[in-house]
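Some notes on the structure that comes next.
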Amino acid sequence: MSTQSMNPVSYIDLFDYKDGKLFWKRSHGRVKAGDEAGYLCANGRRYVRANGKLRFLHRVIWEMHHGECPEFLDHIDGNPLNNRIENLRPATKQQNAQNRKVRRTNKLKTKGVQVRGAKFAAYIWVDKQQKYLGTFETINEAGDAYMSAARKHHKEFATCRL
């Protein structure tokens, strides 16, 4: 068994951090010192392989700055490629879901709103329960009702971004 697998090298010894990116400190194989670490996967997130393990880049960055990584990390601006430490925050599973963007398949392009006949109904999830917010004449009124409720219940994790 190699010493590397027995004693993993600290991320601080492997990488330099700058503006949400990691750069290799040492050359190895085809990688040269100073090369950007990690690669973009089909799911829109960056990964890096270090100490024989594939990890999300944002989790490695968090550990480099704060030590242990919480179970869930949230990108404040919702952009999974913005891995600046200022854009990362610990979150619960529910908070992470509250900060999700509007799904691409959402035909109304408005979070928490559904068509009900010729009107629009607004709903929000709070404490694992869906709450009805009302039926409105316009999509904007329903969207405003959702955002008002989201700010109240989800606080800084509230979002209605596309």
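The values are calculated or read from the model by the stated rules, or taken from the named source; none is laboratory data. Here the structure is a predicted model, which is why all the values come from computation and not from measurement. Note that each Cβ is placed from the backbone with ideal geometry, even for glycine, and that neighbours are counted across all protein chains shown. Heavy atoms of the whole protein, side chains included, go into the accessibility calculation; ligands, DNA and RNA do not. Shrake-Rupley method; radii C 1.70, N 1.55, O 1.52, S 1.80 Å.
In the stretch 45-56, the residues that are closer than 17 Å to residue 16 by Cβ and in contact (Cβ under 8 Å) with a residue 12 or more places away in the chain form Cβ pairs under 6 Å with partners that are open to solvent by 80 Å² or more (accessible area, probe 1.4 Å) and part of a strand (DSSP E or B), at six or more places apart or across chains, as follows: 46/40. Within the stretch 128-162, the set of residues being touching a residue at least 60 places away in the same chain (Cβ under 8 Å) and surrounded by 16 or more Cβ atoms within 10 Å (Cβ to Cβ) comprises 157, 158, 159.
Consider residue 6 carefully, then state whether it is on the phi < 0 side of the Ramachandran plot and modelled with pLDDT under 90. It is true that residue 6 is on the phi < 0 side of the Ramachandran plot and modelled with pLDDT under 90.
Cβ-Cβ contacts under 6 Å between residues 6 or more apart (or on different chains), taken from a first residue in the stretch 82-93 that is in contact (Cβ under 8 Å) with a residue 60 or more places away in the chain and among the aliphatic types (A, V, I, L, M) to a second residue that is surrounded by fewer than 16 Cβ atoms within 10 Å (Cβ to Cβ) and not in a strand (DSSP E or B), are listed as 85/65. Looking across the stretch 119-158, the residues that are among the charged types (D, E, K, R) and more than 22 Å from the chain's Cα centre (by Cα) come down to 119, 131, 137, 141, 144. Take the conditions open to solvent by 70 Å² or more (accessible area, probe 1.4 Å) and either aromatic (Phe, Trp, Tyr) or touching a residue at least 12 places away in the same chain (Cβ under 8 Å) (or both) and apply them to residue 25. Does it pass? Criteria met by residue 25. Would you mind stating whether residue 60 is without any contact (Cβ under 8 Å) to a residue 60 or more places away in the chain, surrounded by 13 or more Cβ atoms within 10 Å (Cβ to Cβ), closer than 18 Å to residue 43 by Cβ and aliphatic (A, V, I, L, M)? Considered against the rule, which asks whether it is without any contact (Cβ under 8 Å) to a residue 60 or more places away in the chain, surrounded by 13 or more Cβ atoms within 10 Å (Cβ to Cβ), closer than 18 Å to residue 43 by Cβ and aliphatic (A, V, I, L, M), residue 60 comes out as yes. Going through (1) closer than 28 Å to residue 73 by Cα; (2) modelled with pLDDT of 90 or more one by one, residue 132 falls short only on (1). A search for C-beta distances below 8 Å between a residue of the stretch 103-122 that is touching a residue at least 24 places away in the same chain (Cβ under 8 Å) and surrounded by fewer than 20 Cβ atoms within 10 Å (Cβ to Cβ) and any residue that is of a type in the set (Val, Ile, Thr) and assigned to a loop (DSSP other than H, G, I, E, B), counting only pairs 6+ apart in sequence or on different chains, returns 109/102.
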